[in-house]
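Only the coordinates and a few stated rules stand behind these numbers; no lab work does. Here the structure is a predicted model, which means the values were calculated and not measured.
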């Protein structure tokens, strides 16, 4: 089982968006049984809060439901529990390395590091633009799924 953890600051906007978009892609590719997918935040300030209404509304447009998801803080133990730990922006990576006390196994990367235009994903909490965030998250998730499937030798029903 391949374990993927998406991380942002509060775990209410970007990382749950990535978690649920990636889950949806994995499901549509018929490979849900090969993945464990979760998300967390580098801060505990939103712990226990539901997914932000903007993220919920954007994902609902695509038939993706986030019911039951509440924000959880990233823990040091998550480093050993996950194979891929994917941050939304450079600041998340710095925070993750601080929490994990490094990245000896090179598990940490930004979601858009595989893109032809590597970049941070803007936080819609501040920008208010959930459309742009979704487009970036979708691009990153698609590239990440392709990368993992190629690396791990997983064949998909469709891409």
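Every pair of different Cα atoms in the stretch 64-125 enters the Kirkwood calculation, which places the hydrodynamic radius at 13.0 Å. Overall dimensions of the stretch 22-91, expressed as equivalent-ellipsoid semi-axes from the Cα gyration tensor (√(5λ), whole Å, largest first), are 21, 19, 11.
Once you divide the Cα radius of gyration of the stretch 83-159 by 2.2 N^0.38 Å, the number left is 1.20.
Based on DSSP H segments of at least four residues, each scored -39500 (n - 2.57), the chain has a per-residue ellipticity at 222 nm of -12500 deg cm²/dmol. Computed extension length for residue 129-residue 98: 8.3 nm, one decimal, from 0.36 nm per residue of separation with the Cα-Cα distance subtracted.
Its residue count N sets the reference 2.2 N^0.38 Å, and the alpha-carbon radius of gyration of the stretch 2-152 equals 0.94 times that reference.
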